[in-house]
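Written below as structure tokens is the structure these notes are about.
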Amino acid sequence: MTVSFLLIMMIVLFLLLVIFTGIPIAVALGLSSIAELVLQGQVPLMVAPQRIFNGVNSVTLMGIPFFMLVGSIMERSGITQKLIDFANALVGWLRGGLCYVGVLTGILMGGISGSAPADTAALSSIMVPSMERSGYPKEFSAALMASSGTLGIIIPPSMPMIVLASITGISVGKLFMGGIIPGIMIGVTFMAICGIVCHVRGYDKDNDKHFSLRLIMRTLPRAILPILAPVIIVGGILTGVVTATESAITAVAYTLILGLFVYRTISVKDLPELFVESVIGAANVMFIIGTSSLFAWILQSNNFQQVIESMFGGAVHNQLWVMFVVNVVFFIGGFFLEGTAMQIMFIPVLQPIIELAGIHPIAFGVTVICNIAIGNLTPPVGVCLYVAANSARAKVDGIIREIMPFVLMALVDVAILVIFPQLITFIPGMMK
């Protein structure tokens with residue numbers, strides 16, 4: 001059997017395992033990779049564990065478990081509720097206000113945890129019951145919370161950006177800064193979708209709330225410390241005081257101080273459970289990183305890059321065409337692959353093409369992250385989709401129907417970012 005045939009078999013086997021067996025993606029990646037090595041018979045199997053270990057042996061990736069711990073602390077300590085109360089004071093008085101509250105809280109939370117599933121779980125558990133009581137359908141509410149939760153990986157800090165930086169060598173701080181305008185832009189367009197849906201379907205038409213400066217001034221003091229968290233985390237990276245990994249530890253310390261001593265909503269006896277949750281979540285992510293590193297190494301060592309290059313034809317210097325193909329690859333990949341696995345499998349192959357086309361690496365990186373956010377909403381692998389369904393106890397098929405306008409709007413936003421990459425590079429360009 002030829003090498004190219006074995007590569008195709010490996011990819012097909014992986015897809016079959018994911019789609020039809022329901023086994024975890026990390027296991028499917030590992031099994032399909034080992035099957036290819038066995039059939040090829042030219043590489044000793046000892047290489048497999050070595051490549052898996054090398055995939056996770058990165059100082060930058062050490063920040064992931066700490067950011068996952070931040071998400072757990074936020075959910076358990078009531079920080080999320082304080083952000084929701086403040087967002088409600090700002091926009092809750094508008095028609096469809098609870099929808100805007102969900103999106104705005106997603107933006108604020110994204111500046112602390114950096115994890116889309118964690119933000120989605122926290123938002124869904126609090127916001128969906130409130131929206132149901134106000135007459136919103138459960139499926140629409142869950143779809144909105146899943147969409148809002150994905151903003152957490154576009155707005156800094158972001159765990160996928162940390163992974164991307166570890167693969168490409170791009171500055172984590174500049175990636176973080178590049179995500180600010182796109183994250184806010186996507187959040188605003190989600191709010192526009194909410195406004196249209198509320199008007200067409202007649203949601204919240206009896207809202208009799210009014211703008212209250214007094215309410216804002218009452219909720220701001222409770223929310224000011226959580227809002228300061230991203231300033232401390234990202235500011236530490238930009239000033240060079242801390243690295244990306246150290247910023248994650250800073251975030252843990254900061255949220256622990258808030259939960260234990262300022263708000264006193266968690267106690268020392270809660271910490272072991274929080275640590276275990278974070279370790280399990282981080283282990284799952286690291287397992288995916290390790291096995292996808294093995295999968296990617298097999299593709300690269302067998303010149304899979306030539307297959308990707310052929311997709312561009314003679315237009316490798318056409319930046320719009322190259323970015324179009326990149327977005328298609330990551331959008332379609334998002335249906336079958338977890339975001340971390342996609343980055344490790346595709347970015348090493350695509351990066352030389354991006355450099356050849358003269359595309360700004362920050363624009364490329366942030367656009368990839370936006371596609372990963374969309375992948376969190378699309379079945380069968382959309383993590384935020386299932387997290388929202390579980391938290392809201394809603395049917396997945398109903399949420400999928402409701403989530404499509406948000407997915408389509410996000411795709412329009414990505415197209416705008418591709419055409420106008422300055423929206424991404426403007427803030428990083430002001431950094432030295």
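The values are calculated or read from the model by the stated rules, or taken from the named source; none is laboratory data. Note that the structure is a prediction, hence the values are computed from the model and not measured. All Cβ positions, glycine included, derive from the backbone under ideal geometry; neighbour counts span all protein chains shown. Areas reflect the complete protein model, heavy atoms only, side chains present, ligands, DNA and RNA absent. Shrake-Rupley method; radii C 1.70, N 1.55, O 1.52, S 1.80 Å.
Brief remarks follow.
- Sorting F336, F211, F364 by accessible area puts them as F211, F336, F364; the probe is 1.4 Å, largest comes first, and only protein heavy atoms count.
- Size of charge dipole - the chain - debye, nearest 20, with Cβ of Lys, Arg +1 and Asp, Glu -1, no other charges: 840
- Portion, in percent, of the accessible area of region 1-43 that falls on carbon or sulfur, probe 1.4 Å: 76
- Helix 271-301 and the longest principal axis of the C-alpha atoms of the chain enclose an angle of approximately 30°.
- Cα centroid of region 113-151 to Cα centroid of region 385-425, whole Å: 13
- Dipole magnitude of region 190-312 about its Cα centre (Cβ charges: Lys, Arg +1; Asp, Glu -1), debye to nearest 20: 560
- Nearest-10 value in Å² for the accessible area of T243, using the 1.4 Å probe: 70
- Accessible area per residue in Å² at 1.4 Å probe, computed on the chain: 42
- Each listed q (0.12, 0.15 Å⁻¹) maps to a log10 I(q)/I(0) for region 244-390 from the Debye sum over equal C-alpha point scatterers, namely -0.66, -0.90.
- Percent carbon-and-sulfur accessible area, region 277-403, ignoring ligands, DNA and RNA, probe 1.4 Å: 63
- Sorted largest first, extent of region 310-403 alpha carbons per principal axis (Å): 48, 20, 19
- The fraction of accessible area contributed by carbon and sulfur in region 111-153 is 50 percent, rounded to a whole number (1.4 Å probe; ligands and nucleic acids excluded).
- Between the residues Q351, V43, I184, the greatest Cα displacement towards the positive end of the dipole of the chain, with unit charges on the Cβ of Lys, Arg, Asp and Glu, is found for I184.
- C-alpha long axis of helix 361-375 to longest principal axis of the chain, angle in °: 70
- Within a Gaussian network of the chain (alpha carbon springs, distance under 10 Å), most fluctuating of S130, S293, S278: S130
- Ordering P428, I298, V285 by the projection of their Cα atoms onto the charge dipole of the chain, which places +1 on the Cβ of Lys and Arg and -1 on the Cβ of Asp and Glu, puts P428 at the extreme positive end.
- Taking the centroid of alpha carbons for each part, region 56-103 and region 209-241 are 12 Å apart.
- Kirkwood Rh (inverse of mean 1/r, distinct Cα pairs), region 1-110, angstrom: 18.2
- Three semi-axes of the equivalent ellipsoid, the chain, Cα gyration tensor, whole Å, largest first: 36, 24, 22
- Scanning the chain for cysteines with no neighbouring cysteine C-beta under 4.7 angstrom from their C-beta gives C198, C370, C384.
- When F86, F67 are compared by accessible area of protein heavy atoms, the largest-first order is F86, F67, using a 1.4 Å probe.
- On Cα atoms only, tilt of 3-16 relative to the major axis of the chain in degrees: 30
- Cross-link reach is defined here as a Cα-Cα straight distance under 23 Å, omitting same-chain residues fewer than 8 places apart; for K269 the lysines meeting it are K82.
- Nearest-20 debye value, region 148-227 charge dipole, Cβ charges on Lys, Arg, Asp, Glu: 200
- Globularity index of region 162-273, i.e. its alpha-carbon radius of gyration over 2.2 N^0.38 Å: 1.46
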